[in-house]
Amino acid sequence: MLHYFDPGKSSFDPNRDLGTPASPSETLVSVSIDGTAISVPEGTSVMRAAALAGITIPKLCASDNLEAFGSCRLCAVQIEGRRGYPASCTTPVAEGMQVTTQNGKLAKLRRNIMELYISDHPLDCLTCPANGNCELQDMAGAVGLREVRYGFSGENHLDAETDDSNPYFSFDPSKCIVCSRCVRACAEVQGTFALTIDGRGFDSKVSPGQNQSFMDSECVSCGACVQACPTSTLMEKSVIEAGQPEHSVITTCAYCGVGCSFKAEMKGDQLVRMVPYKGGDANHGHSCIKGRFAFGYTTHQDRIKEPMIRDSIDQPWRVVSWDEAIGFAARRLKETQAKYGRESIGGITSSRCTNEETFLVQKLIRAAFGNNNTDTCARVCHSPTGYGLKTTLGESAGTQTFDSVMKADTVLVIGANPTDAHPVFGSQIRRRLRQGATLIVADPRRIDLLKTPHADRTMHLALTPGTNVALVNSLAHVVVTEGLEDKAFIEARCEPAAYNAWRAFIAEQRNSPEAMEAVTGVPAEQVRKAARAYATAGNGAIYYGLGVTEHSQGSTMVMGIANLAMATGNIGREGVGVNPLRGQNNVQGSCDMGSFPHELPGYQHVADDTVRGHFEQVWGVKLDNEPGLRIPNMFDAAIAGSFKALYVQGEDIAQSDPNIQHVEAALRSLDCLIVQDIFLNETAKYAHVLLPGSTFLEKNGTFTNAERRINRVRKVVPPLAGKEDWEVTVALSNALGYPMNYTHPSEIMDEIALLTPTFTGVSYEKLERLGSIQWPCNDQFPDGTPTMHTLDFPIGRGHFAITEYVATNERTNRRFPLLLTTGRVLTQYNVGAQTRRTDNSLWHEEDILEIHPSDAEVRGVQEGDWLGISSRAGHTVLRAKISDRMLPGVVFTTFHHPSSGANVVTTDNSDWATNCPEYKVTAVQVEKVSQPSEWQRNFQTFDKRQQAYLEQSQDESASALK
Amino acid sequence: MSDQQLQNLIKMINQISANNLHHGDETATAEIVATHLKKFWARSMKAQIIDYAEHGGAELSPISKLAVERLKA
Ligand code: SF4
Ligand code: SF4
Ligand code: SF4
Ligand code: FES
């Protein structure tokens, strides 16, 4: 007998559709299907049981990522002792059941059903874009359909009009069989509920919203419906254009910290479409618009295709060979060090590049530059997470898997907007909320997660920006004073002295919700209710984002969150935990790989002699035992004249960093700026050396997502300019006289494993075997660690940290009466260099300023007006959008477009511990204006000039070839 | 060293001091601040703040001053 324990994640081929979802039950039931005995978990459908036994039952409306629906009846079977022909997708197995899936009667029944379907279906299979990959076609073949007796002259839908409004997929209702898979995918998988079946019986049809077009509806273009559709009704336009792909490679999305796995489906060396991969443990076959559709930038004409150099930024570029560019860069770096000293140069690693590439850049800096002036853009997003979690829990990383949320009873989301910034995980939270979990959102904005259908147990703590610590302290105060602590956990797992000190502090009256109400603006009773819901739910899970870290007390807040989780025992098992939602795809990885100036890979401090000794031995050089400069320190030093050269891989500090005018001044003061990127980004406009970067499709490596999951990135096309990013770093290092001899990223990973205690068990061979690995992966946890801190903390006992609330200096006053906070939207990614070069821009053409109706009214502002926004740092102009998502007194914008200059306004205030900028709080004034700001006008002039330099160089290189 | 660079260092150290002060225990806080600087500040930054403190350190908060004393040790 075949024995299957089928917990969803299994050794089955993820490319197969088993018809209905796995049942979580541990009780096994034995059945016989066409004489094959098999035992499966209770609750499994007959269809899935058959599929597990290797027997395929015809189906149209079922798919194993959707609940069974039972509408097409094609999957009918016969069951001994039961009457009629039950649908196998909706019938659960029962002990001793005997099932027949094929006989004459069933065949006839199925043929009749197919005949009905086909009589209302255009027979243009040969020219249909789904030809060769259509389930309707397959089923017609499978049931042996030979004739259609009804003819095609009756009433039909054959001339229904196609909806082409979405740039990525089309909707051709004439091919629709009304199986409702798309409707269910939108509801169950994505959680958006944009589609409905309109009408009844023959008149029923699929419709987005209230008979709107896709573009005008609620649709967020995740693609789940397209994937679910068994016909060509919903179809990727890229497939309609290019035809069906012929091979595919599994790789990882390069957009956000969810780290979705995709099948890159190819036709020769052309990428036809990206399809989320069911075998991916982060996304289980779901995706969002960015990973699914926004890959057009990889072949965009703006890609930098050749290395270029120039002596000064007021000159046009010269296109040169790789050797010449690398030689030029190395010479400049050496000259700078000779003139200004060893510490006068540094580098910035990328949170978009692979682990291997990031590791090499920091190695280059430490070993070849001979200093620790390495930093990464995580400085401006999650550096407080590193500091705060390391201090309290002992490891700079989230504690759970994404799947863990399916066991959470209360989900507390602080300063994060998962449905926009981490969409696939946002969908998963929504799934859990629909099952009945309680949601608490602490955020100044009413984020979309609060709009989840069927989630009536929601609370919104709409706090004033900048008062996070006051809020988390008052939550903890309620836990402690109302006796909601998990005493057993604290006693067994936490350091007693620190705990007692913390307890005394947090119990003080000044931390009570009543006392803090005046600060946070959140009614005390709401705080008490939320604290009780989190502490007593059973499993309470915290998810937080940049709304926590990007504050002057970012690190304190992270520690406050960890305190709260420890005090309630919400650490160390599934369904609980403290989870930072990482912005860019490899923020976790770039931090792990030693990008920070004080830490070698694996968060090992540079002053630790034993650790450093180990690195020195493997790398064969002496290493500096003092921390280097962080990004803001580098800028200050550049302006002061002691920091003169910088190597930037895949980052755009001139757009993403706060107080842009300060950054621009710093970049202008450099003697040598080397930028390695796929586009002429804002930073590259200040560069002397421009080295072409490669996209994630053009290289091998790994990314680490927000759940510490190491995923493989696989090359599907050759790098446009001939070199993968790690190869460029290798060349630069060799030119500097420090030899690097890697021939494949797997060798770099072997070195990482050798030097990083949490990575000792990681290798490409194991990644191939397991699909992905969550670090720590070592002798103790050979297959990785899905849930951290189950038995103890890396520092032994958990450390409660005192978290005094200290108000930020950035306060509103008469001159700047509003608070500006910044964030992102679903369709755009970070500085937008990639997504702006795709059709995603149809959703977000420009950055706008959201302002509350009451603030708009006093200023006489109408929707669409030009608004001047000034802070003590600078002034910019954006268009107004009136929105009551914000609290009165708070305005919001994004920074996806460089010319909007949102970061001209943000200040250089930063987190006290890590210098992570305070993007989330800037005091501003807003008024109606008639023209762009001075900065914007200068920006345009400078931008034009730099673009002209680029074009000039390309013309020259083209004529040189002739 | 530019004026602005020094101003930023002063702002940073004072902010670290303010965020670690608990119940007015200045000695304990100064110790925490000094440890923080040792662990996270670059050599040149430490040298600059020490130099500034030695020339009066007018804008350093009392705790920051104590912390720089400890940094020298
Ligand atoms: S693309 Fe996604 S959101 Fe849009 S209708 Fe399809 S499933 Fe729903
Ligand atoms: S559009 Fe596709 S998935 Fe949706 S009902 Fe029609 S055939 Fe089924
Ligand atoms: S959720 Fe993130 S990782 Fe997944 S497809 Fe979207 S952008 Fe890519
Ligand atoms: S697949 Fe079972 S009823 Fe459609």
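The values are calculated or read from the model by the stated rules, or taken from the named source; none is laboratory data. Nothing here was measured: the structure is a model prediction, and the numbers come from that model. Methodologically, a virtual Cβ is constructed for each residue, glycine included, from the backbone with ideal geometry; neighbour enumeration extends over all protein chains shown.
Taking segment A:242-265 as the range and being touching a residue at least 60 places away in the same chain (Cβ under 8 Å), assigned to a loop (DSSP other than H, G, I, E, B) and not small (Gly, Ala, Ser) as the test, the residues that pass are A:GLN244, A:CYS253, A:TYR255, A:VAL258, A:CYS260.
Results for (1) within 14 Å of chain B (Cβ to nearest Cβ); (2) under 22 Å from A:ASN133 (Cα atoms); (3) within 16 Å of ligand 4 (Cβ to nearest atom); (4) out of contact with any Lys or Arg (no Cβ under 9 Å at 6 or more places or on another chain), shown as yes or no for each residue.
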{"position": "A:CYS229", "(1), (2), (3), (4)": "no, yes, yes, no"}
{"position": "A:ILE240", "(1), (2), (3), (4)": "no, yes, no, yes"}
{"position": "A:CYS256", "(1), (2), (3), (4)": "no, no, no, no"}
{"position": "A:VAL272", "(1), (2), (3), (4)": "no, yes, no, yes"}
{"position": "A:THR299", "(1), (2), (3), (4)": "no, no, no, yes"}
{"position": "A:GLU306", "(1), (2), (3), (4)": "no, no, no, yes"}
{"position": "A:GLN315", "(1), (2), (3), (4)": "no, no, no, yes"}
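Scanning segment A:328-369 for residues that are among the hydrophobic types (A, V, I, L, M, F, W, C) and buried (at least 24 other Cβ atoms within 10 Å of the Cβ) yields A:ALA329, A:LEU333, A:ILE345, A:ILE348, A:CYS353, A:PHE359, A:LEU360, A:VAL361, A:ILE365, A:PHE369.
Condition check for A:ASP671 on (1) closer than 28 Å to A:GLU724 by Cα; (2) more than 14 Å from chain B (Cβ to nearest Cβ); (3) surrounded by 24 or more Cβ atoms within 10 Å (Cβ to Cβ): one failure, at (3). Can you pull out the helices (runs of 4 or more DSSP H) entirely within segment B:3-73 that have at least 2 residues that are of a type in the set (D, E, K, R) and within 13 Å of chain A (Cβ to nearest Cβ)? In segment B:3-73, B:3-20, B:26-40, B:43-54 are the helices (runs of 4 or more DSSP H) which contain 2 or more residues that are of a type in the set (D, E, K, R) and within 13 Å of chain A (Cβ to nearest Cβ).
Touching a residue at least 24 places away in the same chain (Cβ under 8 Å), within 15 Å of A:GLY798 (Cβ to Cβ) and in contact with a strand residue (DSSP E or B) (Cβ under 9 Å, 6 or more places away or on another chain): is that true of A:ALA488 in this structure? It is false that A:ALA488 is touching a residue at least 24 places away in the same chain (Cβ under 8 Å), within 15 Å of A:GLY798 (Cβ to Cβ) and in contact with a strand residue (DSSP E or B) (Cβ under 9 Å, 6 or more places away or on another chain). In segment A:70-116, of all residues being part of a strand (DSSP E or B) and surrounded by fewer than 21 Cβ atoms within 10 Å (Cβ to Cβ), the one that is farthest from ligand 4 (Cβ to nearest atom) corresponds to A:GLN98. Within segment A:432-446, is there a residue that is surrounded by 20 or more Cβ atoms within 10 Å (Cβ to Cβ) and part of a helix (DSSP H, G or I)? Yes, the conditions are met somewhere in segment A:432-446. The set of residues in segment A:266-290 that are free of Cβ contacts under 8 Å to residues at least 24 places away in the same chain and either part of a strand (DSSP E or B) or within 16 Å of ligand 1 (Cβ to nearest atom) (or both) contains only A:MET274.
Okay, residues lined up against (1) at pLDDT 95 or above; (2) within 34 Å of the chain's Cα centre (by Cα); (3) not in a loop (DSSP other than H, G, I, E, B):
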residue	(1), (2), (3)
A:ARG292	no, yes, yes
A:GLN301	no, yes, no
A:GLU306	no, yes, no
A:ILE313	no, no, no
A:PRO316	no, no, no
A:PHE359	yes, yes, yes
A:GLN362	yes, yes, yes
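In this structure, A:ASN283 qualifies as more than 14 Å from chain B (Cβ to nearest Cβ) and within 13 Å of ligand 3 (Cβ to nearest atom). Taken as a whole, the structure leaves A:SER180 outside the set of residues that are at pLDDT 90 or above, in contact with a Phe, Trp or Tyr (Cβ under 7 Å, 6 or more places away or on another chain) and near ligand 1 (Cβ under 9 Å from one of its atoms). Which of the residues spanning segment A:604-655 are under 22 Å from A:ASP911 (Cα atoms), away from chain B (no Cβ under 11 Å) and part of a helix (DSSP H, G or I)? Result: A:ILE631, A:ILE653, A:ALA654, A:GLN655.
Can you tell which of A:CYS179, A:CYS186 is surrounded by 22 or more Cβ atoms within 10 Å (Cβ to Cβ), part of a helix (DSSP H, G or I) and either within 16 Å of ligand 4 (Cβ to nearest atom) or more than 14 Å from chain B (Cβ to nearest Cβ) (or both)?
One residue alone meets the criteria, A:CYS186.
Within this structure, A:VAL479 passes the test of being of a type in the set (Val, Ile, Thr) and under 25 Å from A:GLY798 (Cβ atoms). Tallying residues that are in a strand (DSSP E or B) and away from ligand 2 (no atom under 16 Å from the Cβ) within segment A:232-241 yields 0. Of all residues in segment A:50-69, those that are in a helix (DSSP H, G or I) and either more than 15 Å from ligand 4 (Cβ to nearest atom) or within 14 Å of chain B (Cβ to nearest Cβ) (or both) total 1. The criterion of being in contact with a Ser or Thr (Cβ under 6 Å, 6 or more places away or on another chain) and surrounded by fewer than 21 Cβ atoms within 10 Å (Cβ to Cβ) holds for A:ALA753.
Each residue in segment A:193-231 was checked for being in a loop (DSSP other than H, G, I, E, B) and away from ligand 3 (no atom under 16 Å from the Cβ), and 18 pass. Of all residues in segment A:117-153 being part of a helix (DSSP H, G or I) and surrounded by fewer than 13 Cβ atoms within 10 Å (Cβ to Cβ), which is nearest to the chain's Cα centre (by Cα)? The selected residue is A:THR127. Only one entry of A:GLY575, A:GLY569, A:GLY594, A:GLY589 meets the criterion of being touching a residue at least 40 places away in the same chain (Cβ under 8 Å), assigned to a loop (DSSP other than H, G, I, E, B), touching a strand residue (DSSP E or B) at 6+ places or on another chain (Cβ under 6 Å) and more than 14 Å from chain B (Cβ to nearest Cβ), and that entry is A:GLY594.
Evaluated against (1) at pLDDT below 95; (2) at negative phi; (3) away from every other protein chain (no Cβ under 14 Å), A:ILE542 falls short on exactly one condition, (1).
Each residue in segment A:322-365 was checked for being within 14 Å of another protein chain (Cβ to nearest Cβ) and hydrophobic (A, V, I, L, M, F, W, C), and 2 of them qualify. Annotation: of all residues in segment A:53-105 being of a type in the set (Asp, Glu) and more than 27 Å from A:ASP281 (Cβ to Cβ), the one that is farthest from ligand 2 (Cβ to nearest atom) is A:GLU95.
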